[in-house]
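Presented below is the structure to which this report refers.
The values are calculated or read from the model by the stated rules, or taken from the named source; none is laboratory data. Note that the structure is predicted; figures quoted are calculated from it, not measured. Methodologically, a virtual Cβ is constructed for each residue, glycine included, from the backbone with ideal geometry; neighbour enumeration extends over all protein chains shown.
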Amino acid sequence: MIFRNISLKPYNTFGIDYKADCLVTIGSVREAVSFFKERGKSNEDLLIIGEGSNILFTGDFNGTILRPDIGGIKIEKKENENVIISAGAGIHWDSLVEWSVARDLGGLENLSLIPGRVGAAPIQNVGAYGAEVKDTITEVKTISVTDGSKRVFSNEECGFGYRTSVFKNSEKGKYLVTRVYFKLKIEPSLNLNYGSLKVEVNKLGKQTLRNVRSAVINIRRNKLPDPLLIGNAGSFFRNPVVTREFAELLKTDYPLMPVFEDPSGEKKLAAGWLIEQCGWKGKRFGDAGVHYRQALVLVNHGNATGKEIYELSEKIRESVAERFGIVLEREVEVAEPI
């Protein structure tokens, strides 16, 4: 379907009311191939979105926004103790997690209630509570936006890193994700080592996939604001990864600072804690603000503009850099950087 001069308010979880020249929804691979072949090498700006849960618009979008609605979840095959499943890019991410847990297939349960769609998961390498989606993805099917040709990316070719992939770097904007393949465990070993997750699971009874999912949902709902109630895009900044030496130096000055091991061998710091120490938690400037329970989340109290939220994020970055010597990286994509 094609929509002209359409409001973007329903298409971003910040609830920012800018407009796009054109928004196109695509329901199948065939439609996507046809769209890109007809479009050719157009100079018109193209932006691919899913749920709009990781994007900040700072003005009207003068181009075409493409939203894949490709559905379907399938069991592809069984491999010894594993099951390969696939899901269309338009499937709501948490619906996939719910589907897998209901079938006692392990691997995605720690990623419960993450907003967005399946197509965004490999792009962001979504992660939470000690798990990252890269550890389950086997391949990603895509279509070239320039000529409609198909390409399959293996896990290795996706170039996964902390909250990133080749789709956010060297291949950014070049491909539309259509279907993602996952390897899930028939007899999973639960990952309960992150934060208070084990405690929350034990409160629910046995350590099962369903209780892990329920515990993660409970924690997220208590910690993060619901976009349906107040506009936000979840964590606005990435947790910074620093050298062990620098972390130890900071720990000397700030002994209560949370520090975590990173798979790279370096140390990961809590961006929310750094922001809170700079006095931003709960602050409000007009309708743009920082959430009162989680300083990592910027919010729209009603009628904030994208520019106001962006400017607030820049002030936060400046203050953290000045106090701690750390430049925070945005996790949220800015559609039109100022």
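Within the stretch 186-215, the set of residues being in contact with an Asp or Glu (Cβ under 7 Å, 6 or more places away or on another chain) and within 15 Å of SER112 (Cα to Cα) comprises LEU209, VAL212, ARG213, ALA215. Listed conditions (1) modelled with pLDDT under 95; (2) touching a helix residue (DSSP H, G or I) at 6+ places or on another chain (Cβ under 9 Å) are all met by ASN193, apart from (2). Against the test of being surrounded by fewer than 20 Cβ atoms within 10 Å (Cβ to Cβ) and either in contact with a Cys (Cβ under 8 Å, 6 or more places away or on another chain) or in contact (Cβ under 8 Å) with a residue 24 or more places away in the chain (or both), the options ARG221, ARG284, ARG244 yield a single qualifying residue, ARG221.
Filter the helices (runs of 4 or more DSSP H) completely within the stretch 243-338 down to those with at least 1 residues that are more than 23 Å from GLY52 (Cα to Cα) and among the basic types (Lys, Arg).
244-253, 306-324
Scanning the stretch 266-292 for residues that are touching a Leu at 6+ places or on another chain (Cβ under 8 Å) and not small (Gly, Ala, Ser) returns LEU269, LEU274, ILE275, PHE285, VAL290, HIS291.
Output yes when any residue across the stretch 224-239 is surrounded by fewer than 17 Cβ atoms within 10 Å (Cβ to Cβ) and farther than 30 Å from GLU51 by Cα, and no when none is. The answer is no, given that none of the residues of the stretch 224-239 is surrounded by fewer than 17 Cβ atoms within 10 Å (Cβ to Cβ) and farther than 30 Å from GLU51 by Cα.
Within the stretch 94-102, the presence of a residue that is in contact (Cβ under 8 Å) with a residue 12 or more places away in the chain and in a loop (DSSP other than H, G, I, E, B) is excluded.
Scan the stretch 5-13 and tell me whether some residue there is among the aliphatic types (A, V, I, L, M) and in contact with a helix residue (DSSP H, G or I) (Cβ under 6 Å, 6 or more places away or on another chain). Looking through the stretch 5-13, none of the residues is among the aliphatic types (A, V, I, L, M) and in contact with a helix residue (DSSP H, G or I) (Cβ under 6 Å, 6 or more places away or on another chain).
When the residues of the stretch 127-163 are filtered to those that are hydroxyl-bearing (Ser, Thr, Tyr) and within 19 Å of PRO263 (Cβ to Cβ), which remaining residue is farthest from the chain's Cα centre (by Cα)?
Filtering first and then ranking leaves THR136.
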